[in-house]
Each structure stands twice: as structure tokens, then as C-alpha cells.
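K.L.:
Before I ask anything, let me first share the structure, which is written out below as C-alpha cells.
The values are calculated or read from the model by the stated rules, or taken from the named source; none is laboratory data. This structure is a prediction, so every number in the text was calculated from the model and none was measured. Cβ atoms come from the backbone with ideal geometry, glycine included; neighbour counts cover every protein chain shown.
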Amino acid sequence: MLAEVIECYNITFHTFISIISCIMLHKNTLLFAALSAALWGTTAQDVNAAVVASLKPLGFIASAIADGVTETEVLLPDGASEHDYSLRPSDVKRLKNADLAVWIGPEMEAFMQKSANQLPEQKKVTIAALPGVKPLLMKGEEEDEHEHGHDHGAAEKGDEHHHHGEYNMHLWLSPEIARLSAVAIHDKLVELMPQSRAKLDANLKDFEAQLAQTDKQVGNELAPLKGKGYFVFHDAYGYFEKHYGLTPLGHFTVNPVIQPGAQRLHEIRTQLVEQKATCVFAEPQFRPAVVEAVARGTSVRMGTLDPLGTSIQLSKQSYSQFLSQLANQYSSCLKGD
Ligand SMILES: [Zn+2]
């Protein structure tokens with residue numbers, strides 16, 4: 001097609017009308033070229049090799065390892081919740097065609113359980129099932145009765161999607177589990193693409209070095225905040241808080257799809273005042289109005305935590321950027337007085 005257009009330019013001395021008429025003369029050829037490009041494009045996309053990660057932070061880890069070897073894509077769109085997504089037909093196709101799928105496991109991404117089950121073992125990394133990860137799992141808190149009722153619509157929706165099991169499954173917030181995930185992704189990609197071993201080895205080495213450095217920096221930044229009390233919107237941050245010695249007082253809800261009831265909100269408000277909390281943290285995608293209402297009239301400051309790193313682009317450095325951003329979000333609210 002390009003050749004045809006260039007030909008039109010060359011033979012017509014660049015006058016607009018003659019370029020158009022020349023293109024019209026060639027239009028059957030051009031149409032055919034456009035059509036084959038479209039068809040060829042579709043075919044190329046279907047066989048396009050990629051790592052497909054369920055959630056953005058897993059994409060951060062995967063893109064560092066796959067850098068320069070293969071593309072990394074993320075299923076969950078920015079702004080959506082890891083707790084109530086449904087795969088689109090194009091997502092199902094992307095998973096089916098992926099070189100490697102990376103997810104936490106059925107207790108987190110219930111929405112992709114069916115697709116993941118259909119993939120052979122060598123084409124998926126199930127982080128919660130990695131042998132090194134199992135001993136690191138933290139117990140999740142069961143939803144208590146206060147979080148049901150009061151708002152029946154929300155409660156029913158929550159039950160329908162309810163998938164919080166025995167453990168806290170927000171595993172991407174543990175730097176230790178992130179490293180184990182990177183190793184697992186590396187190992188699977190080496191099996192699939194042995195010709196790229198040298199690059200994959202170098203990427204893993206870079207990731208580990210960068211992570212160690214960021215871990216140190218974040219540790220230094222958060223160390224003075226030990227003992228500061230605060231509430232988070234949803235029970236996602238346990239691994240990060242434990243790793244860096246932060247001291248949360250509690251959370252508004254276990255499953256953000258379930259709106260906390262009036263009684264629960266009243267309890268939280270009482271706790272905020274009695275336990276002298278410094279901050280309450282909302283999340284970009286969830287009801288900051290609820291958090292604001294609870295904090296209103298108290299001296300408690302409002303902050304925001306983004307557990308999915310929605311504004312961060314995939315790159316070799318993105319997982320470290322994600323940890324640093326989260327640390328900054330904690331410290332900007334908790335530091336002072
Ligand atoms: Zn969550």
C-alpha cells in the first residue's frame with residue numbers, strides 16, 4: 001500500500017488533485033492491500049506471544065523479567081477492583097493465547113479460575129501455590145457480622161462474589177513473595193524460551209538487586225512511623241505492614257465490595273477517637289465519601305493508598321516504583337505531629 005502511495009507521489013509532482021486521482025486509479029490495489037493488512041494483522045495478534053498478568057502489580061514483576069524478551073499485558077483495567085471483575089471475551093482469548101499467565105490463584109482472582117484451569121502447568125504461574133510462598137501466607141480476617149446486613153443490596157452482591165478464604169491473598173504487597181514470584185516467572189520463561197536464557201537471567205538479577213535497594217529505602221522511610229495508629233479502607237496491606245513494621249488499628253471492610261454497615265462505621269469512629277488514630281486511608285476506586293464521613297469532626301487526617309499501582313506504567317522499574325509510591329502514601333499522611 002505504501003509503495004502505491006509513494007508511486008502516486010512520484011509520478012504526479014505532488015499536486016493534491018493528481019495524487020487523489022492517482023490513488024483512485026490504484027484503489028482496487030489499495031483496497032486489497034488494506035484488506036490483507038487487516039487480515040494479516042489479526043492473525044499476527046492471535047499468535048502474538050505475551051505474558052498475561054491478572055493484576056497490575058503482577059504485571060510490574062512480569063514485565064521486569066520479560067523485558068526485551070516478550071510483551072507483558074494486564075487483564076484488570078485501571079480503576080476496576082480485584083474483587084469483582086468479570087473477564088471479557090477478549091480477555092479469555094488473551095489468556096488462551098498467552099505464552100504464560102501469571103495470577104495469585106482462585107482465592108483472589110475467582111474471575112479467571114475457569115480460564116486458568118484450562119492452561120497447561122508450564123504456561124501458568126499460580127503464586128499462592130508456589131512451594132516457597134505457602135509458609136509465608138498470613139491468615140486473613142473473616143468478615144464479621146457487622147459487615148453484613150444494613151445494606152442488603154451490597155451484602156448480596158458481596159456474598160455472590162465472596163471468595164476470601166483462610167488467608168490474606170494480597171500477596172503482591174509482600175516484597176519477599178514478589179521476589180519468589182519473579183523467580184517462578186523467570187523459570188517458566190526459560191523453559192518456554194530457552195534461546196532467551198541469558199537475557200532472562202540478567203533481568204532476574206537486575207530485579208533482585210533493585211528490589212533489595214528499594215526494600216532498604218522503604219524500610220528507612222517507614223521506620224519512624226512505627227506505633228502510629230491508622231485505619232485502612234480494605235484489608236489488603238497485611239504483608240506490606242508486617243514487613244515494614246507498620247501498626248494499623250484496623251480496616252473498614254474485608255471485601256471492598258461489601259459496604260460497611262452503619263453499626264460498623266460507628267464502631268470505627270469510636271475507635272478512631274479512643275485509640276487516637278493519626279490517619280484513615282481511602283483508596284482511589286472505593287468510596288472515599290464513607291471514609292470522609294467517619295473522619296469528619298475528628299482530628300484524624302485523610303490519606304489515600306493505592307494497592308494496585310493504577311497510575312504506574314509497566315517497565316523494568318515499575319515494581320520498585322510501586323513499593324516506593326505506597327511508602328510515600330503512608331508516610332505523607334502518618335508523619336508529622
Ligand atoms: Zn483486595
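K.L.:
Which one of 227, 219 is in a loop (DSSP other than H, G, I, E, B) and not basic (Lys, Arg)?
P.N.:
Going through 227, 219 in turn, just one is in a loop (DSSP other than H, G, I, E, B) and not basic (Lys, Arg): 227.
K.L.:
I would also like to ask the following. When residue 245 is evaluated against the numbered criteria (1) modelled with pLDDT of 90 or more; (2) surrounded by fewer than 16 Cβ atoms within 10 Å (Cβ to Cβ); (3) farther than 27 Å from residue 136 by Cβ; (4) more than 16 Å from the chain's Cα centre (by Cα), which criterion, by number, is the only one it fails?
P.N.:
(3)
K.L.:
Continuing with the same structure: Kindly indicate which of 36, 86, 90, 21 is modelled with pLDDT of 50 or more and assigned to a helix (DSSP H, G or I).
P.N.:
Numbers: 36 fails: modelled with pLDDT of 50 or more; 86 fails: assigned to a helix (DSSP H, G or I); 21 fails: modelled with pLDDT of 50 or more.
Answer to the check: 90.
K.L.:
Next question, about the same structure. Quick one: residue 162 ticks every box in (1) modelled with pLDDT of 95 or more; (2) surrounded by fewer than 19 Cβ atoms within 10 Å (Cβ to Cβ) bar one, so which box is it?
P.N.:
Residue 162 satisfies all of (1) modelled with pLDDT of 95 or more; (2) surrounded by fewer than 19 Cβ atoms within 10 Å (Cβ to Cβ) except (1).
K.L.:
I'd like to know if segment 247-258 contains one or more residues that are out of contact with any Pro (no Cβ under 7 Å at 6 or more places or on another chain) and more than 16 Å from the ligand (Cβ to nearest atom).
P.N.:
Pass one, segment 247-258, residues out of contact with any Pro (no Cβ under 7 Å at 6 or more places or on another chain): 247-251, 254-258.
Keeping just the survivors that are more than 16 Å from the ligand (Cβ to nearest atom) gives 247, 249.
Within segment 247-258, one or more residues are out of contact with any Pro (no Cβ under 7 Å at 6 or more places or on another chain) and more than 16 Å from the ligand (Cβ to nearest atom).
K.L.:
If you don't mind, another one. Give the residues of segment 68-83 that are assigned to a loop (DSSP other than H, G, I, E, B) and without any contact (Cβ under 8 Å) to a residue 24 or more places away in the chain, sorted by residue number. Before you say what the answer is, go through the steps one by one.
P.N.:
Taking segment 68-83 as the starting set, the residues that turn out to be assigned to a loop (DSSP other than H, G, I, E, B) are 68-70, 75-83.
Passing the criteria: only 77.
K.L.:
Give 307, 224 a once-over and let me know the one that is more than 15 Å from the ligand (Cβ to nearest atom) and either within 30 Å of residue 209 (Cβ to Cβ) or among the hydrophobic types (A, V, I, L, M, F, W, C) (or both). Give the derivation first.
P.N.:
Details: 307 fails: more than 15 Å from the ligand (Cβ to nearest atom).
It is 224.
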